[in-house]
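Structure, as structure tokens:
The values are calculated or read from the model by the stated rules, or taken from the named source; none is laboratory data. Note that the structure is predicted; figures quoted are calculated from it, not measured. Positions of Cβ are generated from backbone atoms using ideal geometry, with glycine treated the same way; all protein chains shown enter the neighbour counts.
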Amino acid sequence: MDAQSDVNRGEFTWKISYFSEQEATRLYSEAFSVSGCKWRILVFPKGNDTDHLSLYIDVPDPLALPNGWTRKAKFHLSVIDQTNNGRSVRKGTEHVFAARQIDRGYPSFIPLTELHNYAAGYLANDTLVIKAEIRVLAVTPPVNIQPARPTDDFDSLLTSLEELIIAAETNGVNVGSSLGRRDGTLTAKIPSLEEVEKAKLSLKECLSDLFKSNMKERLFKALSTLSSARTRLSPKQRIAIDTFLANFNDFTSDFLTFEQDNAEFELQKLQKDQWLAAMTKCHEAHIVCKQLMGELVKEEEELERKMEEVKSRKDKLFLDWDVVRTKSEEAKSGYKNKQKKVAEAEEKKRIAEERMSRSTTAWSNLKTQFC
């Protein structure tokens, strides 16, 4: 990225080798900083659902930024004419980047037919050069930008020299490209044949199972080693390695995300099967309960029938009891009446007995005197 006197302005140049052979749907440049904010270029080599090259400015790692973050910026994107014929395509706009709007650009930047016309000069040696110019207008929350130091120019020059040396050692890995580097790490010198063979073996082990412990780091190390061995690989192998390295974080993240999502799917499926088993068990219990309920209903109906019989017998018994009670009252009344009459008759009998006793005594005296 070219240094600017204004810390709120910045430029970044990205060179993509073997552009016409890229198979990835999208490519990201390495991140660069302007006004204390990180940015990167996003390109769709075959177009984003269009027959044009699609080009955007993108905010990397938006999830790592604080809640409510925004970045207002003016930017220009250019596809460079490398034949110096003045046909570079430059487009610019202004946008407020936020959590839900992390990129902005042009789905139809330049027709693919024009881009791949080598006479136009956009793909010199099958290398595409993209330039980004950004001016940051406002940032929320504010970013603390360190003031320029006297050694910054020296550090920038030293970094440029290191990049040029690495580019020469790696046989054409371009400065600013995401190929051959990740997170600003410098590519090592050209490896030996033994190192290349070890890297190939390590790569095979990594590809067999990316999700083992430390496999991601081993994979990147192996790819970096093989990327440096430009003369010991076939063109297709170089393209495959460059493509993967250019989108290393995205690709490995996709694998890991799939593994997590697949595990979540299996868990949800297992839990669904468990709930299905519980539902089946409940259904069986429902059938048993229904059968028992049917039996109880029949038993209840039988009991109700018996209760009707008992009630009928009870009602008849009450009727009989009323008859008995009536007769009992009649008998009681008759008994009391007769009891009274017996008492009266008994009194009359007593009186009659007394009279008879007198008469008998008189009779006996009379009989004694005359007989």
Would you mind stating whether Lys272 is at negative phi and at pLDDT 90 or above?
-> no
In segment 119-163, which residues are outside any helix (DSSP H, G or I), among the aliphatic types (A, V, I, L, M) and modelled with pLDDT under 50?
-> Ala148
Taking the options Arg100, Arg87, Arg26, Arg71, name whichever one is closer than 17 Å to Arg135 by Cβ and either modelled with pLDDT under 95 or of a type outside the set (S, T, N, Q) (or both).
-> Arg71
Residues satisfying the stated conditions in segment 98-123, i.e. in contact (Cβ under 8 Å) with a residue 40 or more places away in the chain and either loosely packed, with under 14 Cβ neighbours inside 10 Å or under 41 Å from the mean Cα position of the chain (by Cα) (or both) | Ile102, Asp103, Arg104, Gly105, Tyr106, Pro107, Ser108, Phe109, Ile110, Pro111, Leu112, Thr113
Qualifying positions in segment 1-19 - at pLDDT below 90 and either touching an Asp or Glu at 6+ places or on another chain (Cβ under 9 Å) or under 18 Å from Glu114 (Cα atoms) (or both) | Met1, Asp2, Ala3, Gln4
